[in-house]
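K.L.:
Sharing a structure with you now.
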């Protein structure tokens, strides 16, 4: 059972809206739904390279997109690629809807975990780079969703300093925090202990315990 400690917990996610011009680039990224390079965005939008680069920098700083190295395509350092971040509560609603459809009559925890796992499996395909370890892929995905992951002295524990669903998680932890647990399971490709996620486990963070490096995934 997921319970909420009497801690302040993580901070809410960022919320600065993009400008209309930035929104055009963000919409193009959203339609592609996969890591997209600057050159690809220039081709899709018809905008000048410097204009697109400026919008991408602003979107990245405002946490509307995730930046990662593209898959190698020949010699030299791979180009940067960008992925649009989903609207948090829309993603949460879709996950819960998937869970309800998959398991009618299930508990809130089961519904959330099932829907979150499907979400995590989809994101795993997006961020499944050839050179990323399961842990690196998980941290990248958690950053992408908006959880602000930070390492801890224990390599099996990750601190989550932000929560894009903070108000909902405080009000309905059984459903919302279970979506988060399922998301982690989907990205790792394995089931975790029901207590692997500790909501509000520290005054300024939630905690998640993952398999030791070199095991699983």
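K.L.:
Rounded, prolate or oblate: which one fits the stretch 86-209, using the alpha carbon gyration tensor with axes a ≥ b ≥ c (rounded when a/c is under 1.5, else prolate when a/b beats b/c, else oblate)?
P.N.:
The shape class here is oblate.
K.L.:
Determine the gain in length on full extension of the stretch residue 191-residue 32; use 0.36 nm per residue of separation and subtract their C-alpha separation, reporting nm with one decimal.
P.N.:
Once the chain is fully extended between residue 191 and residue 32, it gains 54.3 nm.
K.L.:
Of the candidates 17, 205, 91, which one comes out as most mobile in a Gaussian network treatment of the chain with C-alpha springs shorter than 10 Å?
P.N.:
17
K.L.:
Also, I was wondering about something else. Would you indicate which of (1) 8, 29, 28, 18, 14, 4, 0; (2) 8, 33, 34, 19, 5, 0; (3) 7, 27, 29, 22, 11, 3, 0 is the value of P(r) over Cα pairs in 10 Å bins from 0, in percent derived from the coordinates of this structure?
P.N.:
Recomputing P(r) over Cα pairs in 10 Å bins from 0, in percent here picks out (2).
K.L.:
Quick check on the exposure proxy: order 65, 83 from fewest to most C-beta atoms within 10 angstrom.
P.N.:
So the residues, fewest neighbours to most, are 83, 65.
K.L.:
What's the extension gain from residue 212 to residue 44 if we count 0.36 nm per residue and subtract their Cα-Cα distance?
P.N.:
Extra length available between residue 212 and residue 44 comes to 56.3 nm.
K.L.:
With a/c under 1.5 counting as rounded, go ahead and sort the stretch 47-100 into rounded, prolate or oblate using the C-alpha gyration tensor (a ≥ b ≥ c being the square roots of the eigenvalues; past the cut-off, prolate if a/b is larger than b/c, else oblate).
P.N.:
Oblate, because a/c is 1.5 or more while a/b does not exceed b/c.
K.L.:
Moving on. Take every DSSP beta bridge with both residues inside the chain and express the antiparallel ones as a percent of the total, to the nearest 5.
P.N.:
Counting only bridges with both partners in the chain, antiparallel ones make up about 90 percent.
K.L.:
Here is a further query. Which whole-number percent gives the relative contact order of the chain, counting Cα pairs below 8 Å spaced six or more residues apart?
P.N.:
Relative contact order here is 29 percent.
K.L.:
What list do you get for 119, 80 if you sort them by fewest beta carbons within 10 Å?
P.N.:
With the sparsest Cβ surroundings first, the list reads 80, 119.
K.L.:
Here's a follow-up. Give the calculated FRET efficiency between residue 53 and residue 133 to the nearest 0.05, with a Förster radius of 35 Å applied to their Cβ-Cβ distance.
P.N.:
Efficiency, from the Cβ-Cβ distance: 0.75.
K.L.:
Continuing with this model, one more query. Could you state the angle between the C-alpha long axis of helix 49-61 and the longest principal axis of the C-alpha atoms of the chain, as a value from 0 to 90 degrees rounded to the nearest 10?
P.N.:
So the helix axis and the longest Cα principal axis differ by about 20 degrees.
K.L.:
Could you line up 82, 89 from fewest to most neighbouring Cβ atoms inside 10 Å?
P.N.:
So the residues, fewest neighbours to most, are 89, 82.
Throughout, read-outs are computed from the coordinates displayed, never taken from laboratory work. Owing to the predicted nature of the structure, the values given are computational and were not obtained by experimental measurement. Ideal geometry is used to build each Cβ from the backbone, glycine not excepted, and the neighbour counts take in all protein chains shown.
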